[in-house]
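The values are calculated or read from the model by the stated rules, or taken from the named source; none is laboratory data. This one's a predicted model, so the numbers in the text were calculated from it and none came from an experiment. A quick note on method: Cβ atoms are made from the backbone with ideal geometry, for glycine too, and the neighbour counts reach across all protein chains shown.
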Amino acid sequence: MKKLLLLLLFIPLVSFGQDYGNDSDALKLCTAIQTNSFISDSKADNALDRILSVIGASKRFVLQPCDNINNAVATSYKGIRYILYDRDFMDSLDSGDNWSNLFILAHEVGHHINGHSLDILLYAAEAVEPETLANQRQQELEADEFAGFILGKLGATLKQTSSSINLISSEKDDTYETHPSKSKRLASIETGFNKAIGKETVVYETPTNLQTTLEYFYSAYNKANLKDHYGAIADYNKAIEIDPNYASAYYNRGISKSNLKDYYGAIADYNKAIELDYTDAYHNRGISKAHLKDYYGAIADFSKTIELDPNNADAYFTRAISKYGLKDYYGAIADFSKTIELDPNNADAYYFRGVSKGSLSDKNGACQDGRKAQSLGYDASRIIELACN
């Protein structure tokens with residue numbers, strides 16, 4: 001049992017090394033539409049670069065693969081703008097001749113460029129009123145015009161630019177529809193196309209502070225995804241300099257600082273994000289406090305996260321780790337058990353609950369949890385060796 005207790009001393013060091021960035025939010029958003037996981041796809045990025053190069057714009061959103069949706073969707077989640085796309089659907093975009101699919105991607109970009117994509121959490125919380133059907137139809141026409149302009153600039157003919165709408169739209173009465181009739185959409189596409197080929201004047205205004213802030217923010221976000229956290233922090237600094245109340249920039253800068261092990265700096269950014277009502281920062285602040293062995297402070301933040309979201313399995317898990325750090329083994333076991341209740345296939349929770357039971361000399365309980373963790377793919381050989389013999 002002494003060997004098992006020595007093993008347990010390493011728990012706080014290994015379990016708080018997890019990354020709690022926006023990738024997990026993208027996954028939740030994707031799985032809200034379908035149940036499959038996703039991987040990166042450079043072809044869609046190449047297509048997006050072609051679209052944005054036409055207007056000289058930076059990528060002010062995240063392009064995220066999301067299988068089995070057979071489309072592309074523009075939305076926002078927790079202040080981050082996304083375009084979700086089906087990889088198979090976009091597979092041929094880099095060839096330059098699949099105008100229908102390129103039109104659909106450009107259409108979704110148009111929604112973001114025109115500021116149509118409000119945060120789905122705001123709708124879910126009824127913090128904003130849903131757009132009327134008339135407004136939704138108008139937004140579709142604005143996105144169609146943008147896509148018509150883009151394809152015209154990229155060399156498509158009007159027939160090629162309009163091909164996807166000819167296939168998916170109809171002339172039925174659109175009074176009670178979210179999308180306009182075919183003739184209205186084709187007219188908007190032609191307007192954009194004519195602007196592209198010079199029949200109508202196109203004027204692009206100097207970027208507003210909001211646009212510039214978004215460019216710095218998403219530049220930082222992309223650098224962080226590439227593990228360039230110093231570069232990310234520099235861009236988040238610029239975004240915050242322009243907009244000192246940009247909560248998402250403070251929150252994400254905190255993540256980059258945490259990844260660089262600047263936990264005090266991360267806590268300062270999470271404090272500011274919380275001041276600006278970005279409540280997700282409680283959990284991340286708790287993780288940074290735990291890294292600094294401020295387990296009481298960490299537990300307070302994880303408890304606040306649970307108060308705001310009683311079904312947050314991650315918060316129960318991290319609170320359990322902090323309780324273990326304080327040698328509150330019974331409290332840790334209770335929180336690991338709640339984690340398992342909410343996430344029955346959480347191998348980490350079984351393993352660390354087993355370790356906590358071992359600290360209370362419950363070898364049988366530790367052995368059972370270790371074997372369960374092993375069955376779920378966790379390498380629990382060490383705890384099994386110590387507790388099951």
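Screening the range 198-221 for residues that are touching a helix residue (DSSP H, G or I) at 6+ places or on another chain (Cβ under 9 Å) and of a type in the set (A, V, I, L, M) and picking the one that is modelled with the lowest pLDDT gives Leu210.
Just one residue in the set Ala134, Ala127, Ala156 is at pLDDT below 80, surrounded by fewer than 23 Cβ atoms within 10 Å (Cβ to Cβ) and not charged (D, E, K, R); that residue is Ala127.
Surrounded by fewer than 20 Cβ atoms within 10 Å (Cβ to Cβ), more than 21 Å from the chain's Cα centre (by Cα) and not assigned by TED's automatic domain parsing to the domain that holds Gly155: is that true of Asp262 in this structure? When the stated conditions are applied, Asp262 passes them. The helices (runs of 4 or more DSSP H) located wholly in the range 222-293 that include 3 or more residues which are more than 24 Å from Asn312 (Cβ to Cβ) and modelled with pLDDT of 95 or more occupy 229-242.
A quick yes/no check of all residues on (1) outside any strand (DSSP E or B); (2) surrounded by 19 or more Cβ atoms within 10 Å (Cβ to Cβ); (3) at pLDDT below 65:
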{"position": "Leu5", "(1), (2), (3)": "yes, no, yes"}
{"position": "Val14", "(1), (2), (3)": "yes, no, yes"}
{"position": "Asp19", "(1), (2), (3)": "yes, no, yes"}
{"position": "Ile39", "(1), (2), (3)": "yes, no, yes"}
{"position": "Ala44", "(1), (2), (3)": "yes, yes, no"}
{"position": "Arg81", "(1), (2), (3)": "no, yes, no"}
{"position": "Asp94", "(1), (2), (3)": "yes, no, yes"}
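Restricting the search to helices (runs of 4 or more DSSP H) fully inside the range 340-389 and requiring at least 3 residues that are over 20 Å from Lys323 (Cβ atoms) and in the same structural domain as Tyr324 (by TED's automatic domain parsing) gives 363-375, 381-387.
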